[in-house]
1. Take peptide B:50-63, look around each residue's Cβ out to 10 angstrom, count Cβ atoms belonging to other protein chains, and average those counts.
2. Counting only residues 5 or more places away or on other chains, whose amide H sits under 5 Å from the amide H of residue A:469 once H atoms are built in the peptide plane?
3. Using the heavy atoms of the protein chains alone and a 1.4 angstrom probe, what is the accessible area of the stretch A:440-557 per residue in square angstrom?
4. How many Cβ atoms of partner chains, on average, are near each residue of A:196-205 if near means within 10 Å of its Cβ?
5. Could you please report the charge total around residue A:421, scoring K, R as +1 and D, E as -1 over all other residues with beta-carbon less than 10 angstrom from its beta-carbon?
6. Relative to the longest principal Cα axis of chain A, at what angle does helix A:122-132 sit, 0 to 90 degrees, rounded to 10?
7. Let me confirm one metric for peptide B:78-90, namely the mean number of other chain beta-carbon atoms within 10 Å of its residues' beta-carbons.
8. For chain A, what is the charge dipole size about the Cα centre, in debye to the nearest 20, if Lys and Arg each add +1 at the Cβ and Asp and Glu each add -1 at the Cβ?
Amino acid sequence: MTPTELLRVRLGDDQDVFTVRRIGRVAAELAGLEAQDQIRVATALSEIGRELLAMASPAAVIFGLTPGELVITFERDGGPPFQPSEGVTLARRLMDDVRLDQGGGVITLVKRTSANRRRVSVADTRAALARLAPVNALDELREQNRELAATLEEVLRLNTELQETNQGVVALYNQLSAEMEETNRGVVALYAELEDKSSQLREAAATRNRFWATVSHELRTPLNSIIGLVRLLIGQGGDPLADEQRHQIGLIGDSAETLLGLVGELLDMAKAESGRVDPQPTSVDTLELAEQLRLTMGPAAHSRAEVDIVIDVAEDARRVFVDETMLIRILRNLMSNALKFTDRGEVRLTARLDAAAGGVVLAVSDTGIGISDADHERVFEEFYQVPGPIQARARGTGLGLPYARRLAEAMGGTLELTSSLGDGTVATLRIPHHMGPPEVERILVADDDEAFRAGAHRLLSDFAAHVDEAADGVAALELMTANPPDLVLLDLLMPRLDGGVLLQRMAEQDLLRDIPVVVVTIAPDQAPEGFPVLSKQGLRRDQLLEVVRAAIRRRGDD
Amino acid sequence: MERVPILKIGDILIVSIQVDLEDQSVLTLQEDLAEAVVKHAARGVIIDISVVEIVDSFIGRMLATIAGMSRMLDAQTVVVGMRPAVAITLVELGLNLGGVRTALNLEKGIALLDHVRSAAR
């Protein structure tokens, strides 16, 4: 039967052998064995223990008790197979039985006891033996084990805490990402909506412009017929009319012409609105332009003798590089407005250089009725007119200022009003990119490719005062003869007269021989020698200007 | 490791084993004893095992070895104070101590040595 375990100790070194046999002796005593048997048991344990140590085979020694036997078992940790040897032989002489089990892995020593001599309970025996158990390595190990277990527990606890924190973080993360996703969805939806709205707006604007253009165009034809017919009616050679009839027909004609003017404005506005205005900047003399304006606007002013037109152009703001037509239209609009709403005093046109902003400031100020704060921006809305007695008298569509602002923006400038009711109005036009005087007077671009001519024109627009364009060699030759340019940008492959022949013709004429030529071609390696060559591909402004300047300088040095 | 003290009375060396001896202690004791015999020109060695309760084959071999060694150095070895239980066990184990002389106690051991010497004289 399975013995009741009393104690388990390690057998690892000399000291353990002593411990084991001491315990064995006490165990034998407590099991009720006589003194001699106690010595026998202890000696047998000593023999087996030394044998195992000699084999360097550590083992666990288990003391057990059955009702009739003291059973001591050596459980080896492993090692070489146990060969029954002298130790076992000696032990057999002292014990009642020595068994080798599991190939010598387990050695069991049995000593029979007489149960009736036993006076100590198993529990007490166990306690007594436990006191004898080694206090050295095993205890230390057990202590370490306990500490380890405690540490492990702590680690486990920390781990749990960490896990909880982790869960919290993950939950927070999930919540945040869910919120983010929600917001994102909202943004996407909003964006789609905005996109939708903006495309609707674009469509509406396009429709409106088309409508305006169509209407204006369709209106102009019948209006022109009316005006023509009126002229026929009241002109010479027509049937004689009564004075009253003549007067009424005259009124019809006046109204028709007014209407035609309005329709024209409408058409301009529609054109500006659709972005089809393309500024063609040239060098403009603002003083000259202002004088012209004064002369043309003069009659309107002189109808009211109390209003003077004053021109005030600073010397450094005289030369501006802008689209002249557009500038005239803007200024005419502003001045006609100023004259319209000024009963007495002056209308002043000033031009100043704003060096800080790198532009020119043109201002039209008047001493008229002014505009209230509330109407400052509204006057730039189409068809808006500030209500009032003068406005009722004055004619207008309410398109003038919006149109002027459109043009100003097309030129890259701004148009603003400062005014207060009763104190007159100042309309300020700012035009950026005030250019210094152009470096050269005239450049001829000879190329059959219209897109390239336009591109070159744009690149050179502020560099040269005039850029001539020729679509073929013959036209180029004619142009350069009429207006000798400072430089020719020449394409080699052109219809009628190609680049090479054109160069020869130029060399034959005294007038044209010294004009510098820059060859711009799609095949730079086939260009004739003696001329700077640029490739059409990836042509940049700085690069172009550099070559052009160098060519002009070199010709000047010759 | 515990070192077993070796006492000297006249030309007799006395070793009293009080504790369980480890392998290393045993070797040391054998060396110390051999040196002491030579140094003191001892004629006899008495090993007292009166407090030793368990004598297994290992201790038995040790005693026999010491006796043999001493004999080589011209000294007689007497083991004294063996307990009855130890004696019984030794017999049961079938160990003889290689011809080691024994005496019941230290006094008789000294007497035995004197007797041997006088006989030799």
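The values are calculated or read from the model by the stated rules, or taken from the named source; none is laboratory data. Just so you know, these numbers come straight off a predicted model, no measurement behind them. So basically every Cβ, Gly included, is an ideal-geometry build from the backbone, and we count neighbours across all protein chains shown. SASA here: full protein model, heavy atoms, side chains in, ligands and nucleic acids out. Shrake-Rupley method; radii C 1.70, N 1.55, O 1.52, S 1.80 Å.
1. Working: counts 0, 0, 0, 8, 14, 3, 15, 10, 8, 2, 1, 0, 0, 0.
Averaged over the peptide's residues, the number is 4.
2. Residues meeting the criterion, in which the H sits 1.01 Å from N, are A:445.
3. Values: 5920 Å² over 118 residues.
Solvent-accessible surface per residue comes out at 50 Å².
4. Working: counts 0, 0, 0, 0, 0, 0, 0, 0, 0, 0.
Per residue, the average neighbour count from other chains is 0.
5. Details: positive: none; negative: A:373, A:375, A:423.
Summing Lys/Arg as +1 and Asp/Glu as -1 gives -3.
6. Roughly 80 degrees between the two axes.
7. On the way: counts 0, 0, 0, 0, 0, 2, 3, 9, 3, 0, 3, 9, 1.
The mean count of partner-chain Cβ atoms within 10 Å per residue comes to 2.
8. Details: 60 positive and 87 negative charges, 589 e Å.
The calculated dipole for chain A is roughly 2820 debye.
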